[in-house]
1. Other chains near B:169-177: what is the mean number of their Cβ atoms within 10 Å of each residue's Cβ?
2. Which number do you get for Rg(Cα) / (2.2 N^0.38 Å) in the stretch A:1-92?
3. Can you figure out the FRET efficiency of residue B:101 with residue A:39, using R₀ = 45 Å and their beta-carbon distance, to the nearest 0.05?
4. Please order A:306, A:412 by the number of other Cβ within 10 Å, starting at the fewest.
5. Just the ratio, please: alpha-carbon radius of gyration of the protein assembly as shown over 2.2 N^0.38 Å, N its number of residues.
6. On average, how many beta carbons from a partner chain sit within 10 Å of the beta carbon of a residue in A:422-429?
7. Assign one of three labels to the stretch B:275-477, namely rounded, prolate or oblate, based on the Cα gyration tensor with a ≥ b ≥ c the square roots of its eigenvalues; rounded applies when a/c is under 1.5, prolate when it is not and a/b is larger than b/c, and oblate otherwise.
8. Calculate log10 I(q)/I(0) of chain A for q = 0.06, 0.10, 0.13 Å⁻¹, where I(q) comes from the Debye formula with a single equal point scatterer on each Cα and nothing for solvent.
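What follows is calculated from the coordinates using simple rules that are stated; it is not laboratory data. What you see is a predicted model, and the numbers here were worked out from it, not measured in a lab. When we count neighbours, we look across all protein chains shown, and the Cβ atoms used for this are built from the backbone with ideal geometry, even at glycine.
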């Protein structure tokens, strides 16, 4: 299906998922304004949200199924499989987050139906951002996402930590947005366009590889995105914000927000700046610093939630390896890794939400002692999550890491691959103690009362079970997922002329 | 039918057994696990007769797995891996039977993990695809980690994580090396494949990268063996693991390292492996292992720790035999691998039986118990003598072959290693004396029960193997000889051609 984006009917088709989601968000806004007095009402808003996400997902699927492509040069919004697959990822992450949130919000006594509205707008922002073919669209999407997530971080008005997290996130996020916008302005100044493919064309035809203005703009854009993906040294906000936010929101931030930022970062670098060699060493060093710092600081954490926050920084480092490699295979690896990471992180945060009855901030790793005997299924699920985060064979986390390593060794980035695996060894030092506490340490006395409050709600249990099953099954038989990722990869314009071979 | 499915059956059956063990009531768990592991052994036994020594790789099954990455499910055995598979299936039922009273808590979990571990170990030995090999190599880490960490001794958490991280460190570097190797060969030949035979036939001219790749493989395997100076995880893991864990660890897991050298590190990088400096260096490390392991074992007050250090010495013999690279020495190394599994396995069983009686692993806690427990004392004596390498026991045949073979290429090393045999007598005989022959001065030891029928059932097969291999090793040697010759020739020829073309 070829879409002529200059005709409004085809443009509407190309934007069908976004339009559906906007309509859903407005509908949920109405629902929330109409019924907002009790837990039952909140559930109505929640299920409406799930329905809206499913509808948008169906629209994405429809476009994907008909292999929608833009006729002529893409402008404003990309119409390619990379966009559809990342959209699907964001929608799935949002849907799972909603399902996890039901019990969480009720248990914490949060009566905030606008939570779901914000979630929908944040997801909409991600879709625009990752699908944007123009730096302005990307910026608008990023802001839409960010503002909604700032509010989500502080949605628990009674919690001081949440307020601190929200404020911190907002201030630093606004600062980073400023960097990004300034960078976009400089890129526009150097090339005279904000369209990604046209930037690449301009760079080639005007030979701007060494233009100081373009390089400065690129650097500022990298800073802006580096902040969003929490790459070291722009990671300072992440632990406090992840720690203070409500746990389902943390899960959402660590997965969907990060995935969106990575998708757009990859698209911008590969499509617009493919002719500028300068970003590769910068991202290389960002990746190395992020992997090392994230893993070593996580090693020192005693609180599960903070440990997961730092571990998510470490994982950002692994994904940055794929970005630094920047090939076609790396783009497929990025998709697989983001998918794997989304599944495992959502499950892990859902489990953490179930474990912390009064304030999951205070769950120490040692508090998990004896969980293996008291709550065998919970412990099993969390153990699978930890092994998958560690990248252990038999889980999807391994497939993701393997793919990044394949992509890196293909282009002789063996040193980067070696750093990746060595820092992964370090990560065993903080993932294994969780397993160790659950299975190898006795429950605190009186042992028969330990962990009695640890209970997953029904919808959250379904989410966790689905995620864990997905991790294990796809860890052994990833073929379909790999095919999907391969066919949805972003092809750098330079190599687009040569057919992308199997590897 | 049998020849294509047997290895897959050996891989799948224990997992099925583990699932059943998890479902049955707690008190049946061990019986089900024993039945499952005996069935596993029964499946593997016909391999012994149907194996054709001259035929190379056999019982091969080759199916596509992840074609996108050139990954296939390929399994097969030759004269090198056959005995590792049989050793595994032989030791597992004994370990299960030996754990009947030792493991008192969470039995279902323990026996299920034992069975999963069996799958992982078999998988390492039969994989002919480097991806499959790597996955199996890692997968068997988790059950062992749990076996040490949940059912181990007092310092089990430390030992478990140390074991895990050491092995994980080495194997991840090996992973990068595997990928780099496949990428290098793939870029030249145009086909990216993790198939062992494909890589082996398209080697040549890796250039200086081969040294790095060999280094990564070497590290992974040397940690697993363990070679001096990578051995420090071993005493902790051995001492803290429950009896069955120690037996499997010593009997099978350590062999994965030496097997890795034989199967991957040597054939894939022959020019590097035969580089004089590297070969001499590794031989020197093996010698240090033999002597150092023996000397440290001599001063151990803890019986299990003594056995653990003796493993370092025995594995030093294996490494010497492999790197001397003559027919006798390689056959000897393979035989020492089998013998070490049997003798050291038996020693760990006996140490566990002593521990169950006295709840102490200290040698000094015993003394003069030969009068109280004559059967146990007799078994311990025979096993110790076999571990020392007394003629007419299995230990002698293996070490003798290694020494004879090594003498042709490294005469001085062979002389030092021969001294290592004496050191073995110097640590095991005094320990034996202090445990069973000294005066019976501790009243606690006067009422020890002798071997129960179950314990006899555990030990008799091991003792039978000790005598059988000691007296008549020909059937085993005959089966491994073609594979050993093939290995040596291919390594020497490849190394010669690569060096010549450079």
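1. Across B:169-177, the average partner-chain Cβ count within 10 Å equals 6.
2. The stretch A:1-92 yields a ratio of 1.27.
3. That gives a FRET efficiency of 0.25.
4. A:412, A:306
5. Here the Cα radius of gyration is 1.01 times the empirical estimate.
6. Mean number of neighbouring Cβ atoms from other chains: 4.
7. Judged from the Cα gyration tensor, the stretch B:275-477 comes out prolate (a/c at least 1.5, a/b above b/c).
8. Log-scaled intensity ratios, in q order: -0.25, -0.72, -1.25.
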